[in-house]
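Worksheet for the structure shown next.
Derivation of every value follows stated rules applied to the coordinates shown; laboratory data play no part. Note that this is a predicted model, so its numbers are computed, not measured. Positions of Cβ are generated from backbone atoms using ideal geometry, with glycine treated the same way; all protein chains shown enter the neighbour counts.
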Amino acid sequence: MNIIKVSNYEELSRRAAELIAAQVWNKPNCVLGLATGSTPIGTYKELVRMNKSGDLDFSKVTTVNLDEYVGLDGSNDQSYRYFMNDNLFNHVNIDKANTHVPNGKAADLAAEGARYDAFIESLGGTDIQLLGIGHDGHIGFNEPDDVFYKATHEVKLDEMTIKANARFFANEDEVPKTAITMGMWAIMQAKKVLLIANGMDKKEIVEKAFFGPVTPKVPASILQCHKDVTVIYTY
Ligand code: F6R
């Protein structure tokens, strides 16, 4: 495990973007696993800058996102599809047909999860999976539980996650209570994992996840079993 402490958010964003760009330079038709949330916004800005300056070509890249709220479609500005379009896809030369987010409007979410995992398997897994981390240790929306969930699945969001995400909505009541998320199988298929964490409020959970026991009570701790993980954090 490669744990890198950097001095500020700008450096975190630049270092993370450089690792993703290196993946695209090495393999122009690579598969990027992407995340939403506040932490990767700076990374996406940096990737857009590299694309605009002609240093980074997304034309052959495929992306798969971690998760989506149940009940929101891509035209809803709180959906994760909207977030990805707004923060990255609309500003780079990626073919939108090659960008994938689980369908939160699927009538049968179990079937949607199976379809998503089969699709990721058909791609041979992601070449690099970008992750943030929740205050409760969640990755994607894999919340603390008694077990690790393997498949892409529907999940009931924790109170802590709903409260944390309320900042993006008019009020807490509007935050969807369920989401569909990649499970641990798809995340652990990634050839490389890049987890980014920003702020003093993430210090404790980063320490628990990477220096504590591997337990589904701290979902990110499973990454200790992955062979190529880079954690970049600042606080
Ligand atoms: C989002 C996701 C979540 C976030 C986590 C941290 O796709 O999978 O696990 O990475 O909630 O969010 P921020 O970056 O907003 O602190």
Exercise. Can you pull out the residues in the range 179-194 that are part of a helix (DSSP H, G or I) and farther than 14 Å from Tyr149 by Cα?
Worked result: none
For this session: May I ask you to list pairs of residues, at least six apart or on different chains, whose Cβ atoms are under 8 Å apart, with the first in the range 100-122 being in contact (Cβ under 8 Å) with a residue 12 or more places away in the chain and the second being in a helix (DSSP H, G or I) and surrounded by fewer than 18 Cβ atoms within 10 Å (Cβ to Cβ)?
Result: His100/Phe119; Asp117/Trp185
For this session: Please go through the range 24-46 and pick out each residue that is buried (at least 21 other Cβ atoms within 10 Å of the Cβ) and away from the ligand (no atom under 16 Å from the Cβ).
Result: Val24, Val31
For this session: Would you point out the residue of the range 151-178, among those that are away from the ligand (no atom under 11 Å from the Cβ) and in a loop (DSSP other than H, G, I, E, B), that is surrounded by the most Cβ atoms within 10 Å (Cβ to Cβ)?
Result: Thr152
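Residues checked against (1) surrounded by 14 or more Cβ atoms within 10 Å (Cβ to Cβ); (2) in a helix (DSSP H, G or I); (3) more than 12 Å from the ligand (Cβ to nearest atom):
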site	(1), (2), (3)
Tyr149	yes, no, yes
Ile196	yes, no, no
Lys203	no, yes, yes
Phe210	yes, yes, yes
For this session: From the list Gly140, Gly183, pick out the single residue that is touching a helix residue (DSSP H, G or I) at 6+ places or on another chain (Cβ under 7 Å) and within 13 Å of the ligand (Cβ to nearest atom).
Result: Gly140
Exercise. Which members of the range 18-38 meet the condition of being β-branched (Val, Ile, Thr) and more than 18 Å from Asp77 (Cα to Cα)?
Worked result: Ile20, Val24, Val31
Exercise. Thr126: of a type in the set (Val, Ile, Thr), in contact (Cβ under 8 Å) with a residue 12 or more places away in the chain and buried (at least 21 other Cβ atoms within 10 Å of the Cβ), yes or no?
Worked result: yes
Exercise. Hey, among the residues in the range 103-137 that are among the small types (Gly, Ala, Ser) and touching a Pro at 6+ places or on another chain (Cβ under 7 Å), which one's nearest to the ligand (Cβ to nearest atom)?
Worked result: Gly132
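Conditions (1) out of contact with any helix residue (DSSP H, G or I) (no Cβ under 8 Å at 6 or more places or on another chain); (2) within 27 Å of Phe168 (Cβ to Cβ); (3) not in a helix (DSSP H, G or I), marked per residue:
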position: Asp57; (1), (2), (3): no, no, yes
position: Asn90; (1), (2), (3): yes, yes, no
position: Ala114; (1), (2), (3): yes, no, no
position: Thr126; (1), (2), (3): no, yes, yes
Problem set entry | Among the residues listed as Asp73, Asp95, the single one being touching a residue at least 24 places away in the same chain (Cβ under 8 Å), more than 25 Å from Glu154 (Cα to Cα) and among the charged types (D, E, K, R) | Asp95
